[in-house]
Amino acid sequence: GVVAGLAAQPARATAVVSRWCDRHIGRPLAAALTQLSPAPSARQHASCFASLGTSFPPFAALSLGGTAASARAPSDEEESRVLISEVTVSGVEDPELQRVALSALSTKPNFAHTLKEVEEDVRRVFATGYFSDVEPTAEDTRDGVKLTIKVEANPVLSGVIVSGANALPAAVITKAFATQHGRTLNFGQFSRGMQSLNRWYEERGIFGQVVNVDMQGGVANLTVAEALVGQVNLRFVPVGGGEAKPEGQVKREIIMRQLSTKPGRVYSLQEAKRDIDAVYSMGIADDVNILPQPAEDSTSTCPKVDLTLNIVERKTGGLSAGGGLSVQGTEGGFPRPIGSFAYSQRNLFNRNQKLTASVQMGQMDSLFRVSHTDPWVGGDAYRTSRTCSLMNTRSSGNAIHGKAVDAEDSADAGDAASGEGGLVVGRLSGGVEYQRPLATGWSGTAGLNWQRAKCIDERGNAQTQDVYGSPLTFSGQEHDTMMMGLLRMVYSGKGDTQMVASVEQALPLRPDWLNFNRFRLRAERTTRVGPWKMYLCGKAGAILGDLPPYEAFPIGGTNSVRGYAEGGIGTGRNFVGATSELIFPLVKPLDGTVFVDYGSDVDSGASVLGDPAGARGKPGSGFGYGAGIRVDSPVGPLRLECAWNDRGIRRFHLGIGAGG
């Protein structure tokens with residue numbers, strides 16, 4: 001009956017307490033588990049209450065079992081009662097343990113009690129968990145019956161030794177049993193300590209639990225069984241279906257290096273889920289799942305599990321071509337024909353390397369973009385990836401050099417805008433970037449990029465000045481050249497928290513190359529409140545050194561301050577911005593949003609070469625507010641919004657990704 005208190009624990013703890021029950025109760029553990037509270041065994045009942053039957057004839061029929069014990073138990077009214085004159089506890093000197101035993105007794109001196117009530121008292125003393133033996137004895141006296149509860153205290157817990165715990169940290173074990181160290185062992189508290197160890201495994205999805213415990217003096221020896229990974233097999237389902245095969249489009253070692261679940265490691269559901277996400281993110285599969293099965297050599301003391309990773313393959317390459325007419329015409333107003341070609345491959349050389357190439361050809365110019373990514377360079381231990389790119393691109397310069405759409409109308413503003421509608425920034429660039437994870441939630445990028453930039457009009461002619469006579473390039477020539485070094489840190493925390501910080505340095509390797517430093521920081525967080533979400537975003541940037549106008553920060557627009565046109569607030573050497581957005585569910589899959597945006601150039605617009613914002617009458621700071629709807633998509637939220645700026649001008653915005 002010593003550890004019958006453990007018998008009320010969940011079935012999963014059955015193996016943990018089996019030795020205790022067999023050792024102290026002398027009966028199968030299954031029988032002990034039928035008890036809802038600690039109780040001495042039938043044999044103990046017989047010996048413990050034999051003396052009571054001798055002293056109290058009314059107790060004799062119930063003290064030894066047999067025919068009398070199997071007879072119908074009389075009710076409380078029918079049972080004979082005996083006057084108890086004194087109740088004492090013997091066997092322990094510790095006053096605290098005596099107090100614990102006495103406080104568990106309901107039998108009081110100078111009251112008449114039945115055998116059933118005394119038996120229940122014995123159960124309650126066992127239930128305290130401090131005693132390895134409880135035996136009631138009776139002595140007939142002149143004033144009545146003296147009841148003595150003889151107890152034997154558990155040993156003092158001097159240490160806990162855990163074997164088989166490869167994944168369980170020592171600090172968790174120490175914390176689980178810290179309150180009992182150096183004190184009399186309490187089976188209830190000790191059981192809760194074992195439960196806390198099992199709970200640690202459960203919370204982390206690790207297949208492990210305490211399976212046995214044995215006391216040697218004052219030292220508790222715990223045995224922990226952790227399921228180890230046996231074999232990890234791959235099965236590939238071909239594109240379009242068919243019989244699964246052990247070999248697929250991607251080489252086996254490319255898949256295996258993505259897995260943190262490896263033979264000999266403790267099997268973890270959370271780790272397996274991360275492995276599934278890692279394989280799925282490779283872009284080679286429509287579906288990925290893991291099938292666990294018991295290994296052939298698995299035992300109860302050393303469980304093992306074999307894993308099969310099922311990969312439903314998908315097409316990894318694509319080719320497209322097309323043609324049409326450009327929106328802008330050549331001199332004389334005639335549109336010009338253009339043609340395009342694009343190729344992509346996500347599994348180059350069967351090693352999950354990615355190649356993308358696109359070309360757009362026209363009468364006046366040709367644009368191209370080529371990029372190659374090796375997601376894991378040479379099996380590097382730090383999972384370093386490399387991206388090489390070469391491109392000739394065009395981007396609109398109207399956010400900086402277009403007219404201030406929200407400025408007050410004037411003849412000068414109208415004239416100024418007439419010649420600026422088609423200003424484009426052309427960039428020829430090539431470079432390499434290396435990226436790798438740094439710590440949990442952190443990743444870093446380092447790169448080097450060469451770039452030659454120029455400003456051209458809609459006819460493809462290079463421009464060095466805008467219509468105000470302000471320079472468009474820092475060098476004053478048709479183009480600027482720079483060699484840009486990049487360092488970027490990205491943090492993605494639990495939930496929807498992200499921070500991105502980057503530093504770019506233009507290296508003046510030649511006297512005519514640009515020399516400037518650009519710093520950018522963006523932090524965002526989404527907090528869930530029931531079905532609603534609150535999105536907060538803050539960002540800032542600063543540039544020191546040579547600054548061509550097209551490299552300055554444009555403020556205002558769909559992804560900045562809504563309610564303003566692109567760059568409508570200003571163009572700055574420095575900037576700050578903030579967004580607050582409340583997102584609430586409408587009709588699936590639509591969500592509604594209300595938002596407030598703010599942005600400012602921090603009075604740095606005049607320090608940009610030519611002061612393009614000041615020349616166009618842009619305010620330099622402003623805010624916008626509004627509402628909209630959004631729907632999630634594979635490329636991010638699709639947004640349709642209506643916003644007003646602080647001048648009361650309304651504007652509609654269509655965007656992708658988070659606002660602000």
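List of remarks:
- Rel. contact order, % - alpha carbon contacts under 8 angstrom, at least six apart, region 228-313: 41
- Separation of alpha-carbon centers, region 582-615 and region 175-220, rounded to whole Å: 56
- Percentage relative contact order, region 554-660, counting C-alpha pairs under 8 Å, at least six apart: 30
- Straight-distance crosslink candidates among aspartates and glutamates, where the alpha carbon sits under 16 Å from Lys315 and sequence neighbours closer than 8 are dropped: Glu247, Asp286, Asp287
- Think of each Lys and Arg Cβ as +1 and each Asp and Glu Cβ as -1; about the Cα centre, that makes the dipole of region 480-533 roughly 380 debye.
- Of the GluC sites (Glu not before Pro) in region 234-288, those whose Cβ has at most 14 other Cβ within 10 Å and which sit in DSSP loop: Glu243, Glu247
- Segment Asp214-Lys273, length gained on full extension (0.36 nm per residue, minus Cα span): 17.7 nm
- Label zone at Arg650, where the point sits 7 Å out along the Cα-to-Cβ direction: region 616-634 residues whose backbone N lies under 18 Å: 624-629
- Spin-label pair Ser103-Asp140: with each label point 7 Å from Cα along the Cα-Cβ axis, the two points sit 3.6 nm from one another.
- Neighbour-limited loop hits for GluC sites (Glu not before Pro), region 461-532 (at most 16 other Cβ within 10 Å; DSSP other than H, G, I, E, B): Glu478
- Site pair Arg510 and Ala439 shows an inter-label distance of 4.2 nm when each label is modelled 7 Å from Cα along Cα→Cβ.
- Whole-Å distance, taken between Cα centres, linking region 236-272 and region 466-501: 40
- Sequence-distant lysines (8 or more away, or on other chains) whose Cα lies within less than 27 Å of Lys108: Lys116, Lys146, Lys150
- Reachable lysines, given that their alpha-carbon falls under 27 Å from the alpha-carbon of Lys304 and they are not under 8 places away in the same chain: Lys245, Lys251, Lys262, Lys273
- Each of Val162, Val305, Val151 has some number of other Cβ atoms within 10 Å of its Cβ, and from fewest to most they run Val305, Val162, Val151.
- Gain on full stretching of the segment that runs from Ser196 to Ser633 - 0.36 nm per residue minus C-alpha separation: 153.1 nm
- Label-to-label distance, Glu203 versus Glu478, with points set 7 angstrom from Cα along the beta-carbon direction: 6.7 nm.
- Counting every other Cβ atom within 10 Å of each residue's Cβ, Leu307, Leu319 order from fewest to most as Leu319, Leu307.
- From phi via Karplus (6.51, -1.76, 1.60), per-residue ³J(HN,Hα) for region 135-149 in Hz, x at Gly/Pro: 9, x, 10, 10, 9, 7, 10, 5, 8, x, 9, 8, 9, 10, 9
- Under Karplus coefficients 6.51, -1.76 and 1.60, residue-wise ³J(HN,Hα) of region 215-226 in Hz, glycine/proline x: 9, 10, x, x, 10, 9, 9, 9, 10, 10, 10, 10
- HN-Hα J in Hz across region 425-432 - Karplus 6.51, -1.76, 1.60, θ = phi - 60°, x for Gly and Pro: 9, x, 10, 10, 9, x, x, 9
- Ordering Asp546, Asp143 by the number of other Cβ atoms within 10 Å of each residue's own Cβ, fewest first, gives Asp143, Asp546.
- Rounded FRET efficiency, nearest 0.05, which uses the C-beta distance separating Asp286 from Lys588 and R0 of 22 Å: 0.40
- Computed FRET value (nearest 0.05) for Trp450 with Arg525, which takes r as the C-beta separation and R₀ as 41 Å: 0.70
- DSSP-defined beta bridges in region 228-313 - what % are antiparallel, rounded to 5: 60
The numbers here are math on the coordinates, done by the rules we state, and not lab data. Please read all numbers here as calculations on a predicted model, not as lab measurements. Backbone-built Cβ (ideal geometry, glycine too); neighbour counts: all protein chains shown.
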